[in-house]
Amino acid sequence: MKKRYIHPYKAYFPHQSKGLIIGTAPGHRFCFREPLKLLEGDIDFFYGSFQNRFWPVMKKVFEPDSISWLRTKRQCADFLQRHQLAIGDIMAEFYRTGHYAGDENLQILAANRDLIHRLGLNKQIDYAFFTSHESLSLFRKSIHQQLLYIIEAFPDSEMPKVNPKDIFKMKLYDEAGHYYRSITLIVLRSPSPRGVDALALLEDYQAKFALFIQTLRA
């Protein structure tokens, strides 16, 4: 049975963000706000399920020497701010079949136009990281009426450890057709607990955030 949902979180854009993480939608139990029933280890934020490996892997990639973990919304927000990352989902309203969190059970009703608008206007954001190929596909379908763009292949020589199918260059144009900036689009492996093991997921994120981390340290 399909059920209609409204996304419970607004995109989080810290000041000076240079990268944007884009997903699809949170799990069904995070969408029921009254009452919100968190389980032990859950975080009331994007990718907040205790089963999801997103935050532990991100912590290991960006702060490998740290012995602490992200356990609250405030800690996750502070982490994003430290590393100049924004986060949001492409779906504003959607249908979900059943309670399973997989993207294949989602049907978009309305795109997050504010997210698309801010990405187009924020000239500091040079990278967009998608947490699945489905989130990239929905992004491409949702931006036609808001952005003029061309998506091209990314030069293999710049990130040789990344599969060419997972990385692209998006060129943006103004209403007069003049090119004004480009954004690197990178598709991450899904951080859900099914499929890829934790070590393979960590290696994937390390390779795909490497160039972004270099720009932060430059």
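The values are calculated or read from the model by the stated rules, or taken from the named source; none is laboratory data. All values reported here derive from a predicted model rather than from experimental measurement. Reconstructed Cβ throughout: ideal geometry from the backbone, glycine too, with neighbour counts over all protein chains shown.
Going residue by residue through segment 42-62, is there one that turns out to be in contact with a His (Cβ under 7 Å, 6 or more places away or on another chain) and surrounded by 14 or more Cβ atoms within 10 Å (Cβ to Cβ)?
Looking for residues that are in contact with a His (Cβ under 7 Å, 6 or more places away or on another chain) and surrounded by 14 or more Cβ atoms within 10 Å (Cβ to Cβ), one finds at least one in segment 42-62, hence yes.
Kindly evaluate LEU185 against the criterion of being at pLDDT 95 or above and either of a type outside the set (Ser, Thr, Tyr) or closer than 22 Å to ALA92 by Cα (or both). Let's see the steps before the verdict.
Details: at pLDDT 95 or above: yes; either of a type outside the set (Ser, Thr, Tyr) or closer than 22 Å to ALA92 by Cα (or both): yes.
Spelling it out, LEU185 is indeed at pLDDT 95 or above and either of a type outside the set (Ser, Thr, Tyr) or closer than 22 Å to ALA92 by Cα (or both).
Could you please find all residues in segment 204-218 being exposed (fewer than 15 other Cβ atoms within 10 Å of the Cβ) and either touching a Gly at 6+ places or on another chain (Cβ under 8 Å) or of a type outside the set (A, V, I, L, M, F, W, C) (or both)?
GLN214, THR215, ARG217 - these are the residues of segment 204-218 that are exposed (fewer than 15 other Cβ atoms within 10 Å of the Cβ) and either touching a Gly at 6+ places or on another chain (Cβ under 8 Å) or of a type outside the set (A, V, I, L, M, F, W, C) (or both).
Residues in segment 149-184 that are surrounded by 14 or more Cβ atoms within 10 Å (Cβ to Cβ) and part of a helix (DSSP H, G or I): how many?
1
Show me the strands (runs of 3 or more DSSP E) found entirely inside segment 83-122 where at least 2 residues are at pLDDT 85 or above, in contact with a Ser or Thr (Cβ under 7 Å, 6 or more places away or on another chain) and farther than 13 Å from CYS31 by Cβ.
85-89
Could you check how many residues of segment 53-76 are touching a helix residue (DSSP H, G or I) at 6+ places or on another chain (Cβ under 8 Å), of a type in the set (Lys, Arg), free of Cβ contacts under 8 Å to residues at least 40 places away in the same chain and part of a loop (DSSP other than H, G, I, E, B)?
Count: 0.
Looking at VAL187, is it aliphatic (A, V, I, L, M), in contact with a His (Cβ under 9 Å, 6 or more places away or on another chain) and within 21 Å of ILE22 (Cβ to Cβ)?
Criteria met by VAL187.
Test PHE32 against the criterion of being among the hydrophobic types (A, V, I, L, M, F, W, C), exposed (fewer than 14 other Cβ atoms within 10 Å of the Cβ) and in a loop (DSSP other than H, G, I, E, B), and give yes or no. I'd like the intermediate steps shown before the answer.
On the way: among the hydrophobic types (A, V, I, L, M, F, W, C): yes; exposed (fewer than 14 other Cβ atoms within 10 Å of the Cβ): yes; in a loop (DSSP other than H, G, I, E, B): yes.
The answer is yes for PHE32.
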